[in-house]
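Below: one structure, written as structure tokens.
The values are calculated or read from the model by the stated rules, or taken from the named source; none is laboratory data. As the structure is a computational prediction, the values presented were derived from the model and not from experiment. Here the Cβ positions follow ideal geometry from the backbone for every residue, glycine too, while neighbour counts run over all protein chains shown. Areas reflect the complete protein model, heavy atoms only, side chains present, ligands, DNA and RNA absent. Shrake-Rupley method; radii C 1.70, N 1.55, O 1.52, S 1.80 Å.
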Amino acid sequence: HPKREEEEEANHYTFFFVFHKEMERATISPSLSQNYLLCPSPRAFTTRLHSFSTTRNLSPSSCSSSIKLQHSSSNGGTSLTRCNAVLSNSSSRFVVFKIILGYPYLNLMMRRLWGFITLLNIYSAEVADIDWDNIGFGLKPTDYMYVMKCNLDGEFSKGELQLFGNIEVSPSAGVLNYGQGLFEGMKAYRKQDGKNILLFRPEENANRMRSGAERMCMPAPTIDQFVKAVKATVLANKRWVPPAGKGSLYIRPLLMGTGAVLGLAPAPEYTFLVYVSPVGNYFKEGVAPINLIVESEFHRATPGGTGGVKTIGNYAAVLKAQSIAKSKGYSDVLYLDCVHKRYLEEVSSCNIFIVKDNVISTPDIKGTILPGITRKSIIDVARTQGFKVEERNVTVDELLEADEVFCTGTAVVVSPVGSITHKGKRVSYGEGSFGPVSEKLYTVLTSLQMGLSEDNMNWTLNLS
């Protein structure tokens, strides 16, 4: 019950929360702070945490069968709501929270309190209860995101986990007005043991973001800050990592100019944010071959532009051609260089490879093509498997005469190409499945990413 002086000072709510966990199902993590911050103002309310025991069992008969939610006001008015507590017949673990909430801050504090309850619930379910066989590739809101701020001086504040949700930015934010933003894409996989989670080459994503930030006049988190943020976000959302073989947890780090700016100039403030979503296959065909059309009128990038960095504007520019292609039944678009209009560059969101006489060729990285991390990994894997790999200019004619064609990217990993259409001419590859080279590379790489084979490349980071 609230103290008399607290009643006289301001309207407030007193809440009593009882959590009980069946001993055999879950425990409350010892890493959870008993001083969990519900409101930044220490005067807005007081919080008292009473824990009967973290190990002792309490029988239902020894506890009250109801909880009172009492609202008191300075005029003496009181309303009571009785909530029946559902108590298990089996041994249970009880934790009782008594929280006095100042009325003016009720909405804010209840949102944060709900976040705390959500955090407790995370420890009661190792894997989220969704249809893992049909998740597809789309956003599924998870529990937490990671946020870190920075001024133009380049010093990032200490980051923190927040409930996943909308963010508030000024209408004149640099990212909204001038496209000053970058993003990354990476994945986490659950191992066969069901407990350990693997990240794949996160430091490579950190390096690529730093390179892109330099091009876009933005400060960027250090490699250590980047990797720590990704690890914290994945662990906070670990119940959303699909079971082994059912998909992956897609990780999306963002770097945005969120400070207000009217004239064309770098934003005065930046936000680094990481969110995640469980995903399945990127293309609707799954691992079946995709059908591409070569685009010769629209172009993804130009020499001296930003095609070689993962800036947000690069992707908006491909939507027109991609939409036209999909309306005609194609899976995606393959872009040519804008100068000669005969050399391959990349697909909308992945790199392209061709195979001829067991030699693997892919367009060289020279400023207009994104240096894909999966691309880089496939090249290294191919060489360890004894294949010759060439990074050079690749013409459309070579593409049409290839024995095998495939794409690589974080979202697709390795995707076989079933057909290419260029100026009305359609060329098909394979027998409706992986070619022998792409299948071998896909198997080696995914086995490594999922922890099914020994990581001799030191590419994976284990999160236990």
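With a cut-off of at most 14 other beta carbons within 10 Å, and DSSP calling the residue loop, which GluC sites (Glu not before Pro) in region 187-293 qualify? Please list them.
Taking region 187-293 and a limit of 14 other Cβ atoms within 10 Å, the loop GluC sites (Glu not before Pro) found are GLU285.
Which whole-angstrom value gives the distance between the alpha carbon centres of region 270-346 and region 163-232?
First find each Cα centre; the distance between them is then 20 Å.
Which trypsin sites (Lys or Arg not before Pro) in region 235-313 pass both tests, a DSSP loop state and at most 14 other beta-carbon atoms within 10 Å?
LYS284
Length gain on complete extension for the stretch LYS341 to ASP129, per 0.36 nm per residue less the alpha carbon to alpha carbon distance?
Here the answer is 71.4 nm.
Given a 1.4 angstrom probe, I'd like the percentage of the accessible area of region 350-391 that is carbon and sulfur, rounded to a whole number.
On the way: 710 of 1550 Å².
Whole-percent figure for carbon plus sulfur exposure: 46.
Loop-only trypsin sites (Lys or Arg not before Pro) in region 394-464, please: DSSP not H, G, I, E or B, and at most 16 other Cβ atoms within 10 Å.
Passing sites in region 394-464 are LYS423.
How much area per residue is accessible in region 230-312 when the probe is 1.4 Å and only protein heavy atoms are counted (Å²)?
Heavy-atom SASA per residue in region 230-312 reads 36 Å².
Given axes a ≥ b ≥ c from the Cα gyration tensor, I'd like to know whether region 194-308 is rounded (a/c under 1.5), prolate (a/b larger than b/c) or oblate.
oblate
Apply the a/c threshold of 1.5 to the C-alpha gyration tensor of region 235-376 and tell me whether it is rounded, prolate or oblate.
In terms of gyration-tensor shape, oblate.
On a 23 Å Cα-Cα criterion, which of the cross-link pairs LYS149/LYS366; LYS238/LYS440; LYS187/LYS376 come out too long? Walk me through the numbers before you get to the answer.
Details: LYS149/LYS366 32 Å; LYS238/LYS440 30 Å; LYS187/LYS376 16 Å.
The pairs that break the limit, which is 23 Å between Cα atoms, are LYS149/LYS366; LYS238/LYS440.
Calculate what fraction, in whole %, of the accessible area of region 210-343 sits on carbon and sulfur atoms when a 1.4 Å probe is rolled over the protein chains.
Values: 3110 of 5610 Å².
Result for region 210-343: 56 percent of the exposed heavy-atom area is carbon or sulfur.
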